[in-house]
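The structure under discussion appears below in the form of structure tokens.
Rule-based calculations on the coordinates, nothing more; no lab input. A quick note: this is a predicted structure, and the numbers were derived from the prediction, not measured. Here the Cβ positions follow ideal geometry from the backbone for every residue, glycine too, while neighbour counts run over all protein chains shown.
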């Protein structure tokens with residue numbers, strides 16, 4: 001079993017914001033896996049599918065970004081998934097829109113959702129996929145990530161979301177190293 005977690009904030013007002021890049025990737029994965037991410041569990045919404053014979057759970061925490069770890073910890077415990085089998089997908093201001101980057105483990109890098117997961121799981125040893133949203137040079141990043149992508153950014157963003165979904169599926173089938181080798185340009 002693999003667990004793919006997309007971070008974001010619940011609510012219609014946040015739907016197309018930069019901070020919800022993780023939710024957007026989960027939506028694409030759900031389409032590809034024929035899953036519906038509608039089951040209420042683990043303080044979030046869950047869907048299930050199979051990729052290459054491997055069962056996959058998709059999770060969107062509904063706790064607000066900064067408390068995502070509460071949801072992820074419950075899912076990891078209930079599903080008996082090792083942290084190495086959990087891929088966390090979230091927005092990254094250090095990457096331009098259209099870029100993605102995978103890592104096998106590491107610090108939160110200033111991302112409060114990732115920090116919450118590290119705190120609740122008591123480990124940094126879980127894979128993550130960061131989706132570029134730009135804005136590293138902007139003052140007031142907290143407000144920046146809560147704004148929607150600009151019209152001119154959407155073509156690159158759509159492509160990155162599809163590529164991120166591809167990377168997630170390769171992670172499920174072949175692991176984080178294979179996904180990193182293919183998608184970390």
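Worth pointing out:
- Likely footprinting exposure, 65, 180, fewest C-beta neighbours within 10 Å first: 180, 65
- Helical content of the chain, expressed as a calculated mean residue ellipticity at 222 nm, amounts to -11000 deg cm²/dmol (DSSP H runs of 4 or more residues, -39,500 (n - 2.57) each, divided by residue number, nearest 500).
- Shape summary of the chain, radius of gyration then Dmax from alpha carbon positions: 14.7, 46 Å.
- Compared with the dominant Cα axis of the chain, that is its longest principal axis, helix 154-174 is turned about 20°.
- C-alpha long axis of helix 112-121 to longest principal axis of the chain, angle in °: 20 degrees
- The angle between the Cα long axis of helix 68-79 and the longest principal axis of the Cα atoms of the chain comes to about 20 degrees, rounded to the nearest 10.
- Inter-part distance where segment 140-164 and segment 1-32 are each reduced to a Cα centre, Å: 13 Å
- Peptide packing for 93-103, 29-39 was compared via the average number of neighbouring C-beta atoms within 10 Å per residue; ordered from the highest value, the list is 93-103, 29-39.
- Within segment 5-38: backbone nitrogen closer than 17 Å to the residue 162 label point (7 Å, Cα to C-beta): 24-33
- Full extension of the chain between residue 184 and residue 50 yields a length gain of 45.8 nm, computed as 0.36 nm times the residue separation minus the alpha carbon distance.
- Extending 7 Å from Cα along the Cβ direction at residue 66 and again at residue 94 yields two label points whose distance is 2.2 nm.
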